[in-house]
Amino acid sequence: MINKIAVLTSGGDAPGMNAAIRAVVRACSFYQLECVGVFRGFQGLVEGDFKTLGPRDVKYIISKGGTILKSARSKDFMHPEGRQKAYNHIQEHGIDALVVIGGDGSFTGGLTFSEEFDFPVIGIPGTIDNDIEGTSHTIGFDTALNTIVEAVDKIRDTATSHKRLFFVEVMGRDAGHIALNAGIGVGAEEILIPEENIGLPKLLEKLKKSKESGKSSCIVIVAEGDKTGQNVFELSEYVEANMPEYDVRVSVLGHLQRGGAPSCFDRVLASRLGVEAVEALRKGKSKIMVGLINDKIAHTSLEKAIKGAAPIDEEMLRISDILSV
Ligand code: F6P
């Protein structure tokens with residue numbers, strides 16, 4: 001019997017995490033379950049940093065970026081002693097199950113804990129990177145894309161005014177989902193992602209071709225994990241040296257991609273997944289991630305969600321090639 005559910009946010013924050021917290025808290029209230037918020041991710045579990053949350057405690061947070069529960073990447077929880085402390089706090093507070101909102105690192109922590117103590121854990125995918133198998137969208141991805149599109153549209157204005165080539169670095173850790181989708185969204189001339197790593201000579205060839213086709217300015221979206229160059233600045237130096245006709249600039253968008261009010265898509269996604277997590281726990285499910293596949297709620301084992309990498313959509317690559325002609 002599940003009577004009391006704890007919820008935490010872990011790893012890099014993502015817009016829409018608050019909407020997911022709200023959904024978990026309100027679904028608990030709907031089903032007359034107690035809900036406890038855990039602060040600073042697994043670190044709060046180790047330290048017993050808990051707060052009971054009722055439906056009014058989460059009012060108006062659906063529109064806020066970041067996470068009211070704070071987030072952390074806990075080192076203590078990586079050790080058995082830390083996890084034992086966490087379990088002791090869970091027992092003291094009579095908590096029956098845990099909802100982890102985060103990415104694959106957070107799910108790894110949740111799965112280890114679940115297996116060690118035979119404790120029910122459910123994951124909700126919350127990361128801007130969209131790099132988790134078992135869901136077409138992670139919470140925060142859509143908002144980050146919209147933020148990037150808004151920023152790069154502005155860069156485009158100045159790029160065209162000066163006939164410049166801009167390398168714009170975007171986040172995504174080891175994955176190119178953010179770069180590929182944002183790149184198509186801004187009409188980038190070139191998109192560099194780690195799943196391709198096209199190499200410097202090929203990049204130069206493509207940029208020269210683009211220049212010859214009559215383009216006077218250029219936007220290249222670079223995923224932070226891409227290894228076409230050592231880093232985005234090396235790319236810039238290489239192209240400037242080999243294409244003197246271009247004035248080259250670099251823009252690293254950085255953490256602004258993680259902030260801001262969540263998009264409607266992320267709010268709705270987080271709301272659906274938050275309710276599903278509570279309902280799944282009530283049905284006795286554990287060690288699964290709730291996600292979205294073909295716009296339907298889907299369950300994926302945490303093991304699969306952690307190990308599998310969400311593949312790059314080849315169709316998107318094809319489209320980007322056609323449109324950058
Ligand atoms: O996983 C989300 C993410 O924003 C990645 O895209 C990025 O590589 C990383 O987190 C940055 O982490 P931090 O905030 O610790 O610098």
> In terms of Cα to Cα distance under 25 Å, which lysines are near enough to LYS59, apart from those fewer than 8 places away along the same chain?
Replying inline: LYS4, LYS51, LYS70
>> Could you give me D for the range 113-271, from Stokes-Einstein at 20 °C and 1.002 mPa s, where the hydrodynamic radius is the Kirkwood radius over C-alpha pairs? Units µm² s⁻¹, please.
In response: 128
> Which whole-number percent of Cα pairs in the range 96-137 have a distance greater than 15 Å?
Replying inline: 38
> Using mean Cβ contacts within 10 Å as the protection proxy, how do 62-74, 98-110 order, highest first?
Replying inline: 98-110, 62-74
> If you roll a 1.4 Å probe over the range 176-325 with all protein chains in place, what percent of the accessible area is carbon or sulfur?
Replying inline: 52
>> Can you tell me which lysines have their Cα less than 24 Å from the Cα of LYS209? Leave out same-chain residues fewer than eight positions away.
In response: LYS163, LYS227
>> Would you work out the Kirkwood radius for the range 134-199? I mean one over the mean of 1/r across all pairs of different Cα atoms, in Å.
In response: 12.7
> When ligands, DNA and RNA are left out and all protein chains stay put, how many square angstrom of accessible area per residue does the range 270-325 have with a 1.4 Å probe?
Replying inline: 56
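Specify, per residue and in Å³, the volume enclosed by the convex hull of the alpha carbon atoms belonging to the range 48-131.
Spelled out: Cα convex hull of the range 48-131, divided by residues, is 109 Å³.
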>> Would you calculate the convex hull of the Cα atoms in the range 198-325 and tell me its volume per residue in Å³?
In response: 161
>> How long are the semi-axes of the equivalent ellipsoid of the range 276-325, defined as square roots of 5 times the Cα gyration tensor eigenvalues? Whole Å, largest first.
In response: 33, 13, 5
> Cysteines of the chain lacking any other cysteine beta carbon under 4.7 Å?
Replying inline: CYS218, CYS264
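Taking only Cα atoms of the range 1-98, what ratio of Rg to Rh do you get with Rh as the Kirkwood inverse-distance radius? Display every interim value, and only then the final one.
Numbers: Rg = 13.1 Å, Rh = 13.5 Å.
Answer for the range 1-98: 0.97.
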> Quick one: Cα centre-to-centre distance for the range 210-247 and the range 32-49, in angstrom?
Replying inline: 46
> Over the chain, what per residue volume does the convex hull of the Cα atoms give, in whole Å³?
Replying inline: 118
>> Out of all DSSP beta bridges in the chain, what portion is antiparallel? Express it as a percent rounded to 5.
In response: 25
> Over the range 2-153, what is the percentage of antiparallel beta bridges among all DSSP beta bridges, to the nearest 5?
Replying inline: 15
> What whole number of Å gives the distance from the Cα centroid of the range 250-283 to the Cα centroid of the range 132-179?
Replying inline: 17
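The values are calculated or read from the model by the stated rules, or taken from the named source; none is laboratory data. The structure displayed is predicted, hence computed values, not measured ones. A quick note on method: Cβ atoms are made from the backbone with ideal geometry, for glycine too, and the neighbour counts reach across all protein chains shown. Ligands, DNA and RNA are excluded from the accessible area calculation, which covers all protein heavy atoms including side chains. Shrake-Rupley method; radii C 1.70, N 1.55, O 1.52, S 1.80 Å.
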